[in-house]
Amino acid sequence: MSETNKYQVGFGSDATKDPRRIVFITRKTSAKVKGEAGPQLMSYPHLILREAIVFQVLTIVLVAVALFWDAPLEQLANPLLTPNPAKAPWYFLGLQELLHYFPPIVAGVLIPTLVVLGLVVVPYFKINIQGEPLWSGNWRRRARILIGVLIALFVLLAVYHAWTVLVPTVLVTALALLPYLKPSSSVRFMKFLRSRTLPWWVMTWFIAAALTLTIVGTFFRGPGWSWVWAWS
Amino acid sequence: MATAAWVQQRMAQLRGTRMWRSIFRRGPARTNRTRSLAIFGNLSLHVLPVKVREKSLGVRATYYLGSISFFLFVVLSVTGILLMLYYHPAVPDAYRDMKDLIYVVSNGVFLRNLHRLAAQAMVIAVFWHMFHVFYRGGYKPPHEFNWVIGVGLLLVTLFLSYTGYLLPWDQLAFWAITVGTNIIGYVPLLGRPIRFLLLGGHIIGQNALLRFYVLHCVILPLAAVALIAMHFWRIQKDGGLTVRDDHERDE
Amino acid sequence: MAADYEAKASEKPESKSPVNRRDFLNEIAGCALAIAGVGAAVVTVEYCEPNVLFEPPTTFPAGSLDDYPVNSVTYIQDQQVYIVRTEKALWAMSAVCTHLGCITQWKPESNQIACPCHGSKFGRNGHVEAGPAPRPLPHFAVRLTADGALEVDKLETVKETEILKV
């Protein structure tokens, strides 16, 4: 990189000031997401009108459903009588299903804390900024670490009989391994899988596991948290 | 026809008065200058940028998920305030008021349904919004801190939904909150004191209902408004929405 | 005197002295603000912790010994307590599952106390026989008053070896 590439020269952004200011902009060193150029439009009316339309469509849909779908109301709260089963709101049912396998301090405190922390630090890790597909570059080393982590995860899940988490993990792992087994396939789906990054796979695994846990907790658990088939 | 023209003339006259111009400063938004002022000079709208990239306006760019989350919050606030007019956060009254709202109050059942529906929809919308932002790389520099604010908003949304869940004071509410607060009790060291503070005691009773009500109606909405304002502001200040190039699109 | 004054006047005010007046005053102000902040936080937290609780009384009369047949488990619903009597002993146990706080149920057909929430099962002595419950059901202190009436104190948990011998 020569000296001349270190700075960019431009005019100050306030065009009404006289005299115009010349600015020296240091070349940014952090990675930036591509696709930032393009024509611009005035927010009023283009953005505001679209937002107004979204709001109106949303209101219509909500009102239409609310006219027909009644919110539930069970009997008066009775501290002496626990209903069977006693279920949390649906967005916590995944957690309740997890509580079935792991002790409360793991499933109730440790895992949610780790999930939140994991989400918060996403933008601060370089691997989430670079767009390198999983099976490119230094994939052998990456694969070795990944296999180690996955084996430990499988063992942990099997020891705790956490099938609801194990099944989606195995499925996502199988999908991730597919590009390795068929490296030269030109099927569009295979090309799509081959270009996925490691963060993409981790998030997809998280969504798959969370969805499975929530669906099982909602439809497949009955009295005593025993397994029931949703259609029986 | 003549009436329409007469009305138009009167309106034009009105708009020329000193009183009108003392309230509405900018005039019709027909030039780029007045269009800029419509955003820039507006107390609530100036959190938005004056110009947006054309690509970010397409439905498939963001599916307007962030906007939908925000609008759901607005719907919840309006319906929530209306529901507050008939609800007493006290132990025998709360359940009675729910029955009141459903069977006696005009349009009460509709407002309650709308409130609960919008709440479920908002939880889904904020999760979907988060996943979509992740998959299109909207957290990458310079938008890192906005992602963190977003995670904060997710937690506030979940906590809002959870505190609201207790308010009907039925079996569903009571036992869901029993399980939840017992989980909080498992946090090492701080768990039992936090549970005691949250419930205002050892059991889920009068104090717990009142505290959850205050959290649900005052503390958490204020936190949500502050975070939402920061969230919108950061988008403008960090350079606008992230739009993926077409060849990188996943879905 | 004049010499001292001149000497002081010739000292440069901020050259090598460790703390100058502005920084010192700023530090004092910062500490005062910090103390005020911590004080405000402590006052608020103390305010939020209630000193008087209107909760049901935790010590209650449980009838007399004759109310409980030998080898029985009786559930007192109002207090969420089991009274278990064997041939030689009597004890009182919490009916609240130690997992996440649901109310358990005595199942005589399987000789177990079962929790409906996650399937925990306890024996008559409170031991965990199945399920995710981490601890056995706590035993409460039972006292026999002077006129033969039983009194249970839910605030006082006792070891399971401390039983009332009858």
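The values are calculated or read from the model by the stated rules, or taken from the named source; none is laboratory data. Bear in mind the structure is a predicted one, so any value in this text is a computation, not a measurement. Methodologically, a virtual Cβ is constructed for each residue, glycine included, from the backbone with ideal geometry; neighbour enumeration extends over all protein chains shown.
Values computed for the structure shown
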{"read-out": "Cross-chain or 6+ apart pairs with Cβ under 9 Å, the range B:114-134 first and closer than 17 Å to residue B:149 by Cβ and more than 10 Å from every other protein chain (Cβ to nearest Cβ), then surrounded by fewer than 21 Cβ atoms within 10 Å (Cβ to Cβ) and among the acidic types (Asp, Glu)", "value": "B:132/B:251"}
{"read-out": "Residue in the range B:61-75 that is at pLDDT below 95 and among the aliphatic types (A, V, I, L, M) present", "value": "yes"}
{"read-out": "Residue within the range B:188-198 that is crowded, with 18+ Cβ neighbours inside 10 Å, within 30 Å of residue B:64 (Cβ to Cβ) and under 27 Å from the mean Cα position of the chain (by Cα) present", "value": "no"}
{"read-out": "From the options B:11, B:1, B:98, B:84, residue that is within 30 Å of residue C:55 (Cβ to Cβ) and more than 10 Å from every other protein chain (Cβ to nearest Cβ)", "value": "B:84"}
{"read-out": "Checklist (1) without any contact (Cβ under 8 Å) to a residue 60 or more places away in the chain; (2) buried (at least 21 other Cβ atoms within 10 Å of the Cβ) applied to residue B:160, failing item", "value": "(1)"}
{"read-out": "Residue match in the range B:92-114 (condition: over 26 Å from the mean Cα position of the chain (by Cα) and of a type in the set (A, V, I, L, M))", "value": "yes"}
{"read-out": "Which listed residue is on the phi > 0 side of the Ramachandran plot and free of Cβ contacts under 8 Å to residues at least 12 places away in the same chain, from A:224, A:137, A:118, A:148", "value": "A:137"}
{"read-out": "Residue B:79, sole failed condition from (1) crowded, with 17+ Cβ neighbours inside 10 Å; (2) more than 20 Å from residue B:159 (Cβ to Cβ); (3) among the β-branched types (Val, Ile, Thr)", "value": "(2)"}
{"read-out": "The one condition in (1) within 7 Å of chain A (Cβ to nearest Cβ); (2) under 24 Å from the mean Cα position of the chain (by Cα) that residue B:160 fails to fulfil", "value": "(1)"}
{"read-out": "So residue A:137, is it at pLDDT 90 or above and either in contact with a helix residue (DSSP H, G or I) (Cβ under 9 Å, 6 or more places away or on another chain) or in a loop (DSSP other than H, G, I, E, B) (or both)", "value": "no"}
{"read-out": "Test: residue C:125 is assigned by TED's automatic domain parsing to the domain that holds residue C:75, at positive phi and surrounded by fewer than 19 Cβ atoms within 10 Å (Cβ to Cβ)", "value": "no"}
{"read-out": "All positions within the range B:200-221 that are within 12 Å of chain C (Cβ to nearest Cβ) and aliphatic (A, V, I, L, M)", "value": "B:203, B:204, B:208, B:210, B:214, B:215, B:219"}
{"read-out": "Test: residue in the range C:103-121 that is within 24 Å of residue C:64 (Cα to Cα), under 20 Å from the mean Cα position of the chain (by Cα) and at pLDDT 85 or above", "value": "no"}
{"read-out": "Residue ranges of helices (runs of 4 or more DSSP H) in the range A:28-134 with at least 2 members hydrophobic (A, V, I, L, M, F, W, C) and within 14 Å of chain C (Cβ to nearest Cβ)", "value": "A:90-101"}
{"read-out": "In the range A:176-232, the residues that are more than 30 Å from residue A:82 (Cβ to Cβ), assigned to a helix (DSSP H, G or I) and β-branched (Val, Ile, Thr)", "value": "A:202, A:204, A:207"}
